[in-house]
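Quick notes on the structure that follows.
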Amino acid sequence: MNLAVNGLHGSVIQANTYVEDPHGSLGQFDYPLAYLYHWLKLGKPHFESLSGGSTFAELTKGTFKRMEILTPPHALVQQFQQLVSPLFKSMETHLKANTSLKAIRDALLPRLISGKLAVDALNIRFPPGMAPPAP
């Protein structure tokens, strides 16, 4: 899943992983990406308020260790996943199509402007709402 779809972006400065599992639940189940995406998106203002640093905002392991995280029941998370999974697949499909359309536009527009691609002889059919007025 592409998290940049809805404006979540950033960088990872240090790629070390820290996991503390006081309840012994590690490996019993994983959270779907759609759930984690929304958890991060909704928590972004909170994370920003906890971040520090003089050059750039950063969150340290110590900050995450002090966070209390409410965890919904696994069945509820799975139900959520079933509801939103088609939406996220659709978002990814549209993002890929949009990228392809941008590339086509960027290739054709200079040719149209320069006159290298003539459109006079094309039989372009507009949808009813875009059709030019009849003479």
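The values are calculated or read from the model by the stated rules, or taken from the named source; none is laboratory data. Everything quoted here is computed from the prediction, not taken from an experiment. Neighbour counts are summed over all protein chains in view; Cβ atoms, including those assigned to glycine, are modelled from backbone coordinates with ideal geometry.
If a residue has to be farther than 30 Å from Tyr31 by Cα, β-branched (Val, Ile, Thr) and part of a helix (DSSP H, G or I) to count, how many in region 94-135 make the cut? Number satisfying all stated conditions: 2. Number of residues in region 93-135 that are of a type in the set (Asp, Glu) and modelled with pLDDT of 90 or more equals 1. Apart from one condition, Met91 fits all of (1) surrounded by 10 or more Cβ atoms within 10 Å (Cβ to Cβ); (2) assigned to a loop (DSSP other than H, G, I, E, B); (3) not β-branched (Val, Ile, Thr); the exception is (2). Of the residues Leu76, Leu112, the single one that is farther than 25 Å from Trp39 by Cβ and hydrophobic (A, V, I, L, M, F, W, C) is Leu112. Among the residues of region 67-77 satisfying the criterion of being surrounded by 10 or more Cβ atoms within 10 Å (Cβ to Cβ) and without any contact (Cβ under 8 Å) to a residue 24 or more places away in the chain, which is farthest from Ser49 (Cα to Cα)? Among those that are surrounded by 10 or more Cβ atoms within 10 Å (Cβ to Cβ) and without any contact (Cβ under 8 Å) to a residue 24 or more places away in the chain, it is Leu76.
For Glu68, the conditions (1) assigned to a helix (DSSP H, G or I); (2) at pLDDT below 90; (3) of a type in the set (D, E, K, R) are fulfilled apart from (1). Determine whether region 26-45 contains at least one residue that is modelled with pLDDT of 85 or more and touching a His at 6+ places or on another chain (Cβ under 9 Å). For region 26-45, residues modelled with pLDDT of 85 or more and touching a His at 6+ places or on another chain (Cβ under 9 Å): absent.
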